[in-house]
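*Asks:* Please read through the structure below; I'll follow up with questions.
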Amino acid sequence: MTDENFDVQAELEETQRAMREITLMIEQSQGEVSKLAQRNAAITAHLQQIQNQVEKTSAQDIRMAYDSALDAQQRLFVMRGQLEKLQSDKNHLEKYKVALDRLVSGTAADSDSTPNAEKSPSSGMEMIINAQEAERQRLSRLMHDGPAQAMSNFILQTEIAMRLLDVDAAQAKEELGNLKAAAMGTFQKVRNFIFELRPMMLDDLGLAPTLRKYVEAFKDQTGLDANLVITGGDRRIAPYLEVMIFRAVQELLGNTSRHSQATLVKIALEMGSDMIRVSVDDNGKGFDPQAVLKGNSLGLKLIRERTEMLGGTFIADSAVGKGARISFSILVRN
């Protein structure tokens, strides 16, 4: 068995183990959701009794009842969200397992028939699909943990404010103020998600202005000291190249914020007449480039593969404890 076969087989076994664990977690979460749903139904019934006797109930008792209802609904909402996420993760693992099964079978067949055969062209497509699915899963998790949960809280806060209007106007006003502040924060998060998915200004204004805005937003969101230097002007290049470069910088900055523990990151974009050069440097903990590129880092692999497909070069220069510098260049045909 070759080293490649062994790596794929080990990944398949790890995936099967993860599927067993997540199946158990789903079963436990389903039981917890059932218990919380029963508790929520009981609290809702008690709340209905209070609503029917609102004239005879003190403002403090009403507030306590609504707080209990809010807590119960939030717990149920969070638990259901966790269950949905687990089920989504299981679906992704099942798809990944199917791909690994095919890869194991295909690799075994290749080793029997043509030991020195070139890597199948489908491997690049598989990498792209897996990277896309990983990004979709990340955005789905962010939407669930952010705006989706906030929307549920808005509904509950609105209900509380409406019930308090006739009982405690001052408290109702305070609840509405809190609701407005939360809505403004959530609106900004939604705008950030839209920008992450597809910044419209990339089509309208081009790469350089979009990167400037993105780096500023990155600084605000992460607190990292990020410096962008652009040389060669703001000229437009082919749209597909603008998208590729923007997504690459987006991925590299995301890696920096999630993994590097850096405090400073420098981004350089050189818009040459026949060559575009990009580099991202950070002062973080660094990594072993060979190990990362051979591992599960789909982002770096995809940047390298797309760069090489466009006739460019990709360099990952890093070492443990010495920061990292990722650079790539792409030929521009006028």
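The values are calculated or read from the model by the stated rules, or taken from the named source; none is laboratory data. These numbers were taken from a predicted model, which means no experiment stands behind them. So basically every Cβ, Gly included, is an ideal-geometry build from the backbone, and we count neighbours across all protein chains shown.
*Asks:* Residue by residue through segment 200-233, note down the ones that are touching a residue at least 40 places away in the same chain (Cβ under 8 Å), assigned to a helix (DSSP H, G or I) and out of contact with any helix residue (DSSP H, G or I) (no Cβ under 7 Å at 6 or more places or on another chain).
*Replies:* 208, 215
*Asks:* Then there's this: Can you tell me which of (1) buried (at least 18 other Cβ atoms within 10 Å of the Cβ); (2) of a type in the set (Lys, Arg); (3) touching a strand residue (DSSP E or B) at 6+ places or on another chain (Cβ under 7 Å) is the one residue 235 doesn't meet?
*Replies:* Failed condition: (1).
*Asks:* Search segment 305-333 for residues being among the hydroxyl-bearing types (Ser, Thr, Tyr) and closer than 21 Å to residue 287 by Cβ, and hand back the single one that is modelled with the lowest pLDDT.
*Replies:* Residue satisfying both the conditions and the ranking: 307.
*Asks:* Ok, one more. Which of (1) under 21 Å from residue 169 (Cβ atoms); (2) surrounded by 15 or more Cβ atoms within 10 Å (Cβ to Cβ) does residue 73 not meet, given it meets every other one?
*Replies:* Failing condition for residue 73: (1).
*Asks:* While we're looking at this one, here's another question. Determine whether residue 53 is surrounded by fewer than 12 Cβ atoms within 10 Å (Cβ to Cβ), within 30 Å of residue 168 (Cβ to Cβ), over 25 Å from the mean Cα position of the chain (by Cα) and at pLDDT below 75.
*Replies:* In short, yes.
*Asks:* Let me ask something else about it. State all residues of segment 256-271 that are of a type outside the set (Ser, Thr, Tyr) and modelled with pLDDT of 90 or more; if no residue qualifies, say none.
*Replies:* 261, 262, 264, 265, 266, 267, 268, 269, 270, 271
*Asks:* List pairs: first residue in segment 164-175 and free of Cβ contacts under 8 Å to residues at least 40 places away in the same chain and over 12 Å from residue 62 (Cα atoms), second residue of a type in the set (Asp, Glu) and in a loop (DSSP other than H, G, I, E, B) anywhere in the structure, Cβ distance under 9 angstrom, at least six positions apart or on different chains.
*Replies:* What qualifies is 172/166.
*Asks:* Here is a check on your reading of the model: is residue 255 in contact with a strand residue (DSSP E or B) (Cβ under 9 Å, 6 or more places away or on another chain) and either assigned to a strand (DSSP E or B) or among the charged types (D, E, K, R) (or both)?
*Replies:* no
*Asks:* Can you confirm whether residue 60 is at pLDDT below 75, assigned by TED's automatic domain parsing to the domain that holds residue 95 and in a helix (DSSP H, G or I)?
*Replies:* Yes.
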